[in-house]
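No value in this document is a laboratory result; all are computed from the given coordinates. Fair warning: this is a prediction, and the values are worked out from it, not measured in the lab. Neighbour counts run over all protein chains shown; Cβ positions are idealised from the backbone, glycine included.
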Amino acid sequence: MAFETSRCVKLSKIVEELSLEKLYYLDEHDEVRIETSDINRPGLQLVGFFEYFGTDRIQIFGKVEMTYLAQLDDEKRYISIRNFFSTGIPCVVLARGMEPFAEMMECAREFNVPFLRTNEDTSRFSSNLIAYLNVELAPMETLHGELVEVYGEGVLILGESGVGKSETALELVKRGHRLVADDLVEVRRVSSKTLVGSAPEIIRHFIEIRGIGILDVKYLYGVGSVKVTESIALVVNMELWDPKKQYERLGTEELTTEILGIKVPSLTIPVKPGRNLAIIIEVAAMNNRQKKMGYNAAQAFTQKLTGDMRKNF
């Protein structure tokens, strides 16, 4: 597995994903790298306050900033805009489809600052941009396994090579569930409680089955059989059956697997001939979902058993 501590996203990808209009944009700006999900609305900077100003953040001009600039005379507006554009910011986005001041276009060219525009209102665009950057810049770990959506639960299947992970994932797809990633799963920590998994773009929607080769799940089973990303709700560790090992029988012990500092509910499934692993994982996903809704079958059984014992003694 590999853990990436420092990530970035190219400006060209942001422009494409958020459908931004290019007011001033050169080919070289495609390579501008954004390394923080924080953004800034430069109200204070336009009045000359630059203390603690994050020059590495995407800058967004909304109606408030543009209205303030409109009230200034030509000289003061030019000075305000020039001082701002000269700080080395990565790019500026103008919201609400508003028309830029001539001074903004002039300073963007002078200081070679990418100048973009969106038709969305400022708050909505800011929220979308932050959400997008949080995912793209999140700490990431690449795991060898499968990620499948089963009854709305993201199930991460781990195990040694050759244990049958891909075959199990394919059987789950055949039973109506959705494949997210085969062989390599890119796991991102998008919040203090949430892990999101996806496949590297080059192998997305493909699955490898030994003896057959590479299969395109999307074309074999339709677009409803695949998904680009999914939150990880359960980790299933598959291992060859060890007759000397004691496996969980009641499910009273709450096991977890830690990924990127987040503990995810997990279980171990021993693999041997005759076991239908796809059905077992289906039941495990449903049982995990039931636990999140407040009902734990193992605890209910234990309480019932304890109650019966007290009655008899």
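Some values worked out for this structure:
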| item | result |
| --- | --- |
| The range 45-63-the range 117-186 distance, computed between alpha-carbon centres (Å) | 35 |
| DSSP-defined beta bridges in the chain - what % are antiparallel, rounded to 5 | 65 |
| Unit charges on C-beta of K, R, D, E only; dipole of the range 173-280, Debye | 260 |
| Karplus-derived 3J(HN,Hα), 6.51/-1.76/1.60, for each residue of the range 283-295, Hz, glycine and proline x | 5, 4, 5, 5, 5, 5, 5, 5, 4, 5, 8, x, 10 |
| Where only C-alpha atoms are counted, convex hull volume of the range 7-136 per residue in Å³ | 93 |
| Amide hydrogen neighbours beyond the local backbone of Val150, cut-off 5 Å, H modeled | Val155 |
| Residue with peak Gaussian network fluctuation, the chain [Cα springs, cutoff 10 Å], from Leu23, Leu195, Leu234 | Leu23 |
| Estimated distance in nm for a label pair at Thr256 and Arg204, the labels positioned 7 Å out from Cα along Cα-to-Cβ | 3.1 |
| Where labels lie 7 Å past Cα in the beta-carbon direction, separation of Glu21 and Leu305 in nm | 6.8 |
| Amide N proximity, the range 88-125 versus Ala70 label position 7 Å along Cα-to-Cβ, cut-off under 12 Å | 98-101 |
| The chain - Debye-derived log10 I(q)/I(0), Cα point model, q = 0.10 Å⁻¹ | -0.71 |
| Listed peptides 280-293, 262-275, 67-80 by packing density, highest first (mean Cβ within 10 Å) | 280-293, 262-275, 67-80 |
| Distance from the range 286-303 to the range 188-232 (C-alpha centre basis), Å | 29 |
| Long pairs among Lys174/Lys227; Lys10/Lys165; Lys13/Lys76; Lys263/Lys291, criterion Cα-Cα beyond 26 Å | Lys10/Lys165; Lys13/Lys76 |
| Positive-end residue of Pro200, Thr122, Val235, charge dipole of the chain with Cβ unit charges | Val235 |
| Of all DSSP beta bridges in the range 7-136, antiparallel share, percent nearest 5 | 40 |
